[in-house]
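> This is the structure I want to talk about, given as structure tokens.
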Amino acid sequence: MTLTELHEKDFTQAAEELSEQNDCITSYETLKEFAKKNIDEDNLFLAIHILSAINSCPAEYYDYDFCMGTLDKPTALLVISDLEDYCMEDTIDETF
């Protein structure tokens, strides 16, 4: 998705599309399920880390790298501008 395409969508549409393209964009529900799974596996430190982050800043979507565990904190994505870093720059075709 380009920046122009991003700004033509509402936040939810853009976040859903970008979450399909980028593993770091995840939903509240997915993070909550991940925390539950970690509770069941007695990884309480990771579950607390996730739950603390989503409790302190509720949002529909978050930036979180699941591979990083507690080294990465889920960051709420709240507005279109929060999604800009996940988009490609618009390019100008200068072929004549």
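Values in this text are rule-based calculations from the coordinates and carry no lab data. Quick caveat: nothing in here was measured; it's all calculated off a predicted structure. Cβ: placed from backbone, ideal geometry, glycine included. Neighbour counts: every protein chain shown.
> Rounded to the nearest 20 Debye, what is the dipole magnitude of the chain about its Cα centre when Lys and Arg each give +1 and Asp and Glu each give -1 at the C-beta? Mind dumping the intermediate values first?
Values: 5 positive and 23 negative charges, 140 e Å.
Computed charge dipole of the chain: roughly 680 debye.
> K9 label point, 7 Å along Cα→Cβ, cut-off 17 Å on backbone N: hits in the range 55-74?
60-64, by backbone N distance to the label point.
> Here is a further query. How big is the chain by the Kirkwood estimate over distinct Cα pairs, in Å?
Working: mean 1/r = 0.0695 Å⁻¹.
After inverting the mean inverse Cα-Cα distance, the result is 14.4 Å.
> Work out the charge dipole of the chain with +1 on the Cβ of Lys and Arg and -1 on the Cβ of Asp and Glu about the Cα centre, then indicate which of A15, M88, T30 is farthest towards its positive end.
Checking the options against the dipole of the chain, the answer is T30.
> Using mean Cβ contacts within 10 Å as the protection proxy, how do 39-50, 14-25 order, highest first? Could the numbers behind the result be given before it?
Values: 39-50: 14.2, 14-25: 17.0.
The peptides rank, most packed first, as 14-25, 39-50.
> Taking the chain as the reference, fit the longest principal axis to its C-alpha atoms, fit the long axis of helix 28-40 to the helix C-alpha atoms, and give the angle between the two in degrees, 0 to 90, nearest 10.
30
> In degrees between 0 and 90, to the nearest 10, how far off the longest principal axis of the chain does helix 44-56 point, with axes built from Cα atoms?
Once rounded, one gets 50 degrees.
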